Each structure stands twice: as structure tokens, then as C-alpha cells.
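The structure appears right after this line, and notes come after that.
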Amino acid sequence: MATISVIIPTHNRPHLLARAVESARAAGTTVEVIVVDDASIDATADVCRELGEIKYIRLDRNQGVAGARNVGILESTGQYVAFLDDDDLRLPGSLDTEAALLDANPEAGFVCGAMIMADQEYQPTGEVFLPRRSGNVFWDLLELDFPVMPLSTLIRKECFLRIGMLNHKLEGIDDWDIFTRIAEIYPVLVTDQPMGIYRQPTPSSDQGSSSQATQLLKAARHQLKLLELPLAREAEPGMRRAIRRRTLNRCADTLLWTATRQLPHHEYGAVFRSVLGALRLSPFRMARPGAYKKLAQRLILSHTH
């Protein structure tokens, strides 16, 4: 029996699958790879037949990433579960490293490590994202101040039996929701070792994470429900209000920062969506002149080149 089950949802992107599957196999010694074909209408099934030694599950109706992940969980046999998007890559030995940490810390719900950011051609950008600390990270996750993605994470399967499955209605933020709900009950482990390579989306890519403004607006709305979790309800009202305020400000600042990066590439539609999203999230913060200073500088720079 495999120790680790790696679940790879995919939809109409057969050209990416072989590389993702190969990276999953190289990441651990006792790994089962489960590819959940989310109702693809192309050559995905043929590609999967050629890959060999994978568990291939085809869905007749598109269920989205969360739905496909849930099907993979139900079909998995491993003690630990990892999610891998079909366009991301696991690093060699990374799953074994995380499994050893969970073995040594049976009270932990999941472990996460660093993520290497890359462009669409998988070339590292020089950015590395790493959560700051282990332990009780529920409050950090709740206010979107804990940079973690499925790519860098290994989850104890029993967590899903206790807290439930991923919410398929939360497209694009289902992973943040499940991590937060796990962290309400379980401690979390962090390792500073890189676990995977994340292929960053662009406004024109077909990645589900390419619309940051949409996702952050959705996360801001869903946070109100997470603030009703038992642990959050135990907090003082002032603390809950402060968490809400910091989250909205952080999301607005993130979108403005994204807009300054999009301007030099003349992605004006994406810039407009980012600025509009920031305004909707935190209008009073957006009223500060300093909020637009860097954006204006980038705009001037883009028109001088």
C-alpha cells in the first residue's frame, strides 16, 4: 500500500500531464499517482494510458478542481494526501521529506514547505514563498497571512474524515478554506525546504488562479463564514473586527502591487480589474494618495519605453 497519494486533477491539458506525473513519482518512494480527468474532451485519456502505473479516473461531468480532488481523496489508499495541479511540479524527494515530518509529529494535520515561483516556461523568477512558523497558524490563515498552496503541502488523510471534504462551491479558494478548517483543529508544520515549482499564471493563461481580483473578492466574502467557526467565535469582537480590517487592507494592497507589475506588460485590462478590486475591498485605504504612487510611477515608466 502506498504511503502517499498524489491527486492530480486535469481538464483538457494533456501536454502538461507527463511532466507533472513524473515529478510526483520522483518526489516519494511509496507514492500512488491518481489522475482525475475532469470530463476532458481531448487526448487526455490517451495520454494517461501511455503514462502507465497511475490510477486514472474519468469524470463524465465536469466537477471543477475541488470536486475532482474530492473524488481522488475517496479513491486514495495512502495515509497522506498531496494535491498537485497539472501545470506545477514537485521536487525530487519532497514528499518523503514531508511524510517523515508527519510521522515524527502525529498531532500535526499537514506540513508545508517553500514554493519556487516560475514563469510559464518553468523558469524560476527568483521569488520563493515560505510560511513563517509552525504550530497554531489558524489566525494567520484566517486573515490570508500564511502563504501556502497545495503544491507545497502534505495532508494527513484523517483530517478529511474529521472536518469534511473540499467545498466545490468555492472555486479558486477551496484550498484556503480546507487549510483554515484543518488548522482550527490541528497544529501545522513548516519546513524551509523547497517542495515544488509553481507556474505563475498570467492574465491570458488558462489557469484557474489567473484572476487574482476575483479570487480575493471571493475570499473576502467567504472569510465572514470562517469567522463563524467555533475557534473564531471564541475571540473577542474587537479581535474579530481587527482581523477583518487587516484582511481587507492586505487584499487591497496585494491587488495594487499586482497592478504595478502588470503595467509594464501593457496588461491594462488586468490592471483595471486589480485596481477596481482593491477599491471594492478597501475604499478608505484606496483613498490614500500613497496607494497610487507606485502605480503612477509604473504608468509613466511604461509610456517612456
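Values computed for the structure shown
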quantity: Radius 14 Å from Cβ of T97, net charge of other residues (Lys, Arg +1; Asp, Glu -1); calculated: -3
quantity: Region 76-165 - charge dipole about Cα centre, Lys and Arg +1 at Cβ, Asp and Glu -1, debye rounded to 20; calculated: 440
quantity: Extension reserve of the T214-K157 stretch, reckoned as 0.36 nm per residue once the Cα distance is removed; calculated: 17.5 nm
quantity: Within the accessible area of region 11-150 (1.4 Å probe), percent carbon and sulfur; calculated: 53
quantity: For the chain, with +1 on Lys and Arg beta carbons and -1 on Asp and Glu, the positive-most of A270, P283, S211 along the dipole; calculated: P283
quantity: Extension gain, R245 back to L224 (0.36 nm per residue minus Cα-Cα distance, nm); calculated: 6.4 nm
quantity: From the C-alpha gyration tensor of region 150-289, square roots of 5λ in Å; calculated: 28, 22, 13
quantity: FRET efficiency, 1/(1 + (r/R0)^6) with R0 41 Å, evaluated for D145 and F272 via beta carbons; calculated: 0.95
quantity: Region 215-269, accessible surface, carbon-and-sulfur percent (1.4 angstrom probe); calculated: 57
quantity: Per residue accessible area of the chain, 1.4 Å probe, in Å²; calculated: 48
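The values are calculated or read from the model by the stated rules, or taken from the named source; none is laboratory data. The shown structure was predicted, so the numbers you read here are calculated from the model rather than taken from an experiment. Cβ atoms come from the backbone with ideal geometry, glycine included; neighbour counts cover every protein chain shown. To get the accessible areas, we keep the full protein, side chains included, count just its heavy atoms, and leave off ligands, DNA and RNA. Shrake-Rupley method; radii C 1.70, N 1.55, O 1.52, S 1.80 Å.
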